[in-house]
Amino acid sequence: MAHRELDEAQKITEMGADVLTDSRLGSNKQLLLVPLLRQSISSRLAGYEDVNDAGWLCVDPAMRHVVGGRASQPEKQAASSSEVGCLETDIASK
């Protein structure tokens, strides 16, 4: 959680979102780019190697808190494996 505080102070994910082009459309865009970046970065910092773990991390209370936004709301969750995969393969790789 310390990296989330650093991220908020330095606006690191916001800067990343400013230089990426979000190609998702319509209902595929339920999560904003900044929370997706936070989840991807946080899962790597926690030692998870790929998006396969996002399936259960999306309901983990600590991850939901770190991701923030709608993920931190009751009855909501962070990004699924496919959403994080889209970020990493389609958005961040361009």
- Convert each backbone phi in region 16-23 into a coupling constant with the Karplus relation 6.51 cos²θ - 1.76 cosθ + 1.60 (shift: θ = phi - 60°), then list the ³J(HN,Hα) values in order as whole Hz, x for Gly and Pro. x, 5, 5, 9, 9, 9, 8, 8
- Query: How far apart, in nm, are the 7 Å Cα→Cβ label points at A62 and T21?
  - Reply: 3.8 nm
- Task: Answer with a single label: of (i) 29; (ii) 54; (iii) 40, which was calculated as percent of Cα pairs over 20 Å apart from the structure in view?
- Result: (i)
- Kindly state, as a whole number, the per residue volume in cubic angstrom of the convex hull around the alpha carbon atoms of region 33-81. 60 Å³
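Every read-out reported here was derived from the displayed coordinates using simple, explicitly stated rules and does not represent laboratory data. Bear in mind the structure is a predicted one, so any value in this text is a computation, not a measurement. With ideal geometry, Cβ positions are generated from the backbone for all residues, glycine too; neighbour counts draw on all protein chains shown.
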